Amino acid sequence: MPNASPVIRILFVCTGNICRSPTAEGVFRHLVDKEGLKDRFQIDSAGTDSYHAGQGPDKRAVKIAKKYGVSIGHQLARALTAKDYDTYDYIFAMDGGHFHELKERAPAKHKAQIQMFLSACTHIDKQEVPDPWYGDEKDFEQVFGLVNEGAQALLKKIREERNL
Ligand code: 4NP
């Protein structure tokens, strides 16, 4: 019997792992499921900080995601670990601060490619998903919109790269 197709491991990283990266995890998983690729991906998210470890996502993020048919309420926040750099094939930073911190904390040798989450979105000029934590529902709507665009572009790019 031929070997099973390799699983592509993806980690989304923001600060608290309660707003942006859980939304990215949920939206990306939703797209992967819709495209019948569930068995080909392992998807998770983490925070550069551990303040909110063990907590569920922010209620505002859960509400907006639900409005668009994406369920994220079951997720639990966790902090990024050194092991993540060798578990995952791709680690996506939600903003430039996360990107720099991910690079700074990276072990000298590691497997993961570290990229900006919006890097596959060549049709929009934004590179960062802004922190909505101190904002209101409008900010969470904006985050969801950017995450949705970014996740679609990323999945398309990965499918092309991996002939999926
Ligand atoms: P996130 O948002 O990084 O998108 O989960 C934040 C959540 C909490 C904090 C900052 C950003 N905080 O400082 O507690």
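The values are calculated or read from the model by the stated rules, or taken from the named source; none is laboratory data. Since we're looking at a predicted model, the values are computed, not measured. Here the Cβ positions follow ideal geometry from the backbone for every residue, glycine too, while neighbour counts run over all protein chains shown. Ligands, DNA and RNA are excluded from the accessible area calculation, which covers all protein heavy atoms including side chains. Shrake-Rupley method; radii C 1.70, N 1.55, O 1.52, S 1.80 Å.
Name the single residue that is farthest from the chain's Cα centre (by Cα) among those in segment 111-160 being of a type in the set (Val, Ile, Thr) and closer than 19 Å to Leu11 by Cβ.
Only one residue tops the list, namely Ile158.
Which residue pairs have Cβ atoms under 8 Å apart, sit 6 or more places apart or on different chains, and have a first residue in segment 115-138 that is more than 15 Å from the ligand (Cβ to nearest atom) and a second that is assigned to a loop (DSSP other than H, G, I, E, B)?
Ser119/Gln127
Could you please find all residues in segment 19-46 being of a type in the set (A, V, I, L, M) and either within 17 Å of Thr87 (Cα to Cα) or open to solvent by less than 10 Å² (accessible area, probe 1.4 Å) (or both)?
Ala24, Val27, Val32, Ile43, Ala46
Filtering segment 5-48 down to residues that are basic (Lys, Arg) and outside any strand (DSSP E or B), which residue is farthest from Asp89 (Cα to Cα)?
Applying the filter and picking the extreme gives Lys34.
Give the residues of segment 3-24 that are near the ligand (Cβ under 6 Å from one of its atoms) and either among the charged types (D, E, K, R) or in contact with a Gly (Cβ under 8 Å, 6 or more places away or on another chain) (or both), sorted by residue number.
Cys14, Thr15, Gly16, Asn17, Ile18, Arg20, listed by residue number.
Does Asp49 satisfy the criteria of being open to solvent by 40 Å² or more (accessible area, probe 1.4 Å), touching a Gly at 6+ places or on another chain (Cβ under 7 Å) and either at pLDDT 95 or above or away from the ligand (no atom under 12 Å from the Cβ) (or both)?
Yes: the conditions hold for Asp49.
Report, by residue number, each residue of segment 79-134 that is polar (S, T, N, Q) and modelled with pLDDT of 95 or more.
Residues satisfying the conditions are Thr81, Thr87, Gln113, Gln115, Ser119.
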